[in-house]
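Shown next, in structure tokens, is the structure this report addresses.
The values are calculated or read from the model by the stated rules, or taken from the named source; none is laboratory data. No experiment lies behind these values; they were computed from the predicted model shown. Cβ: placed from backbone, ideal geometry, glycine included. Neighbour counts: every protein chain shown.
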Amino acid sequence: MSKSLFRITKGVSRQAKVSPAFKRSLWSLLFLTVNCSLLTAPCAHAQDYVRRPPDLDRLTQELFAEIESDQVPYEDLYETLLQYYQTPVNLNTATREELRSLLLLSENQISQLLRHREAHGDLLSVYELQSIEGFDLRLIHRVLPFVAVITTDPNATRGGLWQRIAHEENNAFYLRYERVLQQRKGYTPPTLYQGRLTTRYLGSPDKMVLRYRVSHTKDFSLGLVAEKDAGEELRWRPSNGQYGADYVSAHFVLYERGKLKTLALGDYQLQFGQGLLLSSGLGVGKGAETITTLRRSSVGVRAYSSLLENSFFRGGAATYQLTPRVQATAFVSYKKVDANLQQTQDSLAQFDEFFTGLQLTGFHRTPSELANRQQLQETVAGGNLGYTSRSGNLALGFTGLATHFDTPLLKRPEPYNRFEFSGRDNLALGLHYSYVWRNLLLFGETARSSSGGLGTVNGVLASLGPTVDAAVLMRHYDADFHSIYGNAFAENTRSINETGVYLGLKVRPVPRWEVAAYYDQFRFPWLRYRVGAPSAGHDALLRLSFTPNRGSILYVQLRQRTKDRDFRDPNGSVRPMPLPTPQQRRSLLVYYNTNPTPQLELRTRVQASQLRDDEPQPWRRGYVLAQDVSYQLSRYLKLTGRYALFDADDYDSRQYVYEQDILLAVSVPALYGQGTRAYAIAEVRLGRHLTLWLRYAETRYRHQNVIGSGLEEITGSLRSEVKAQMRYKF
């Protein structure tokens, strides 16, 4: 009925000159009909939409094709999505770039929304999305937690800034505690070995996190984070930059103060263009979402409140509207970072002191880790100048940033490090663009570092029809291109020493069915770690998804990757002359998520992979069978649990499986050997203000008497951990 009324409305608009008030009445009738079709309660009048919390666990699994490492900053992406829920995007004022940053909308859907807004004015309700071409029910329910429809200035009658902060509903304090229950070697008493005491952790095995965050969309954000990792000490040493907890982060950000669009003080992130020079936690890269996550959005300055201790700037940043079409951003960052400092032994050397690399783990548990803590002073300054056309279809930008280390970087004299950055200073300049023409989006960024190395990434997204989307992306990063803070699309973990072409496709042949695929061909012109010659590879994925209803999804995914690496003989030694050979990895994933009742949710996962280093070698295999159950016992209590079986031949065939966790925490354990993995979570609401989370997880191994290695070693076959978190909403 809603579609028929929509066609009638369009027909009236075309065939007769009617007043805006009459057209608005017809649209209001349409929204009322749509509301009634989407809500289960009877509709006597239009109802306001009550946003439900997003299923971040399910959404993260849909965005990533396959988790292959615990080094990817999933927590940063997780927290970014949560920030969008807490400060939703206003569909009536959102720019094309802001809509792109949601990662959920195709370029054609964004264009259709902007055209609808231009033709009919502000949206009256989020349910009006159903009347826009390309927005089906599944998509609408995916984006609803992260968007809102606001027709008036929400800050106009809220009083002064401090009054708004004091009365903000999105205002919460978190306190988290974690601990592994078994004793690890690092917490045992030290012993004598060759006349010296063995190394042990200096702190307790408890991990504690404190968070406070208050924010409002397009108004302000204020936050504080303090973290003590397991094994770290709680110490008050301001002279060493430690104030109780080992890691402390704070920020204060103001938005939309006339021509001053953003002012950030404290810790913040930056993202411009395609992330070639500046990239925050919004980069997904290759994933099960084969189209929309390819292009990045220039979201500019973002507040930072994550627990990652090395992926932010510290200082100040501001964005100013120079003209209606031009914005300028300037920033400066001054912080100390972890580094392995060394003294020069050669009296003729250029530098008396140098560091061989940045320490990115964030751990400061042992005397050696503490010796590297905040040993390097890093200063970064730069800016971005951006232009957007009146229509919003064309966007251009120029980015520049200069980096200075107070101690020079000199990496180990290995062949693969020949073109790596060295010295104290690096200057990087780049140009980025995006242009929408009909159903095509062209985008890209090109940059040059002070070494003379070039990096470029360019792509096109095309809507070939109402049900077909395609993408092509090409990138080339010189071996001497140095982008210290970039994270552009790449097979490598950094945008360096790589050339590749990516092809993506998404087809919806019939309602509720979707086919997604990509093929990525890449090569590395220079040597890499554990690869002693120029190498190449390819990566391909095929996913078939079926959505029988709004609460269920079934997908089957196949992935095949071939990537060169130095072959190791069965005894573990490397061949005298390194000859990269293709390592093949094949994986299968079957996933089913359903809600048999409004209170019960079931998730079933079958995951398996096999890999082989060289043609004569046997396949090594690993698999996981996991069943999740979530049950909402009442409005005050929700229980979630998983039981999984795993079997992996060795560490290389290990399986990473995303787990549900307490709010603001991410768990992606690596499972190898044979055993079981289980966890249980209880979410308890004690009134309007207080919520508690309790989590217990354990891994039981078969045929093992020792778990882990080094200071993390546990004697026995069981590793269990507990987490508890309290949230108080003011």
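Only one residue in Leu103, Leu99, Leu129 is within 24 Å of Tyr268 (Cβ to Cβ), touching a helix residue (DSSP H, G or I) at 6+ places or on another chain (Cβ under 8 Å) and in a helix (DSSP H, G or I). Which one?
Exactly one of Leu103, Leu99, Leu129 is within 24 Å of Tyr268 (Cβ to Cβ), touching a helix residue (DSSP H, G or I) at 6+ places or on another chain (Cβ under 8 Å) and in a helix (DSSP H, G or I), namely Leu99.
Among (1) at pLDDT 95 or above; (2) not in a strand (DSSP E or B), which single condition is Tyr416 missing?
Result: Tyr416 passes all but (1).
Limited to the stretch 74-89, what total is found for residues that are touching a helix residue (DSSP H, G or I) at 6+ places or on another chain (Cβ under 9 Å) and either of a type outside the set (Ser, Thr, Tyr) or not in a helix (DSSP H, G or I) (or both)?
Of the residues in that region, 5 qualify.
Looking at (1) part of a loop (DSSP other than H, G, I, E, B); (2) out of contact with any Asp or Glu (no Cβ under 9 Å at 6 or more places or on another chain), which is the only condition Ala517 fails?
Only one criterion is unmet by Ala517, namely (1).
Find the strands (runs of 3 or more DSSP E) located wholly in the stretch 529-616 whose residues include 1 or more that are at pLDDT below 85, and list them.
Result: 553-566, 580-594.
Name the single residue, out of those in the stretch 236-285 being basic (Lys, Arg) and at pLDDT 85 or above, that is farthest from Ala330 (Cα to Cα).
Per the criteria, the residue is Arg257.
Which one is surrounded by the most Cβ atoms within 10 Å (Cβ to Cβ) among residues in the stretch 191-222 that are of a type in the set (Ser, Thr, Tyr) and farther than 30 Å from Arg164 by Cα?
The qualifying residue surrounded by the most Cβ atoms within 10 Å (Cβ to Cβ) is Tyr201.
What do you reckon, is Ala697 within 16 Å of Val606 (Cα to Cα), surrounded by 19 or more Cβ atoms within 10 Å (Cβ to Cβ) and either free of Cβ contacts under 8 Å to residues at least 24 places away in the same chain or of a type outside the set (Phe, Trp, Tyr) (or both)?
Spelling it out, it is not the case that Ala697 is within 16 Å of Val606 (Cα to Cα), surrounded by 19 or more Cβ atoms within 10 Å (Cβ to Cβ) and either free of Cβ contacts under 8 Å to residues at least 24 places away in the same chain or of a type outside the set (Phe, Trp, Tyr) (or both).
For Val225, are the conditions met, namely being aliphatic (A, V, I, L, M), assigned to a strand (DSSP E or B) and surrounded by 20 or more Cβ atoms within 10 Å (Cβ to Cβ)?
yes
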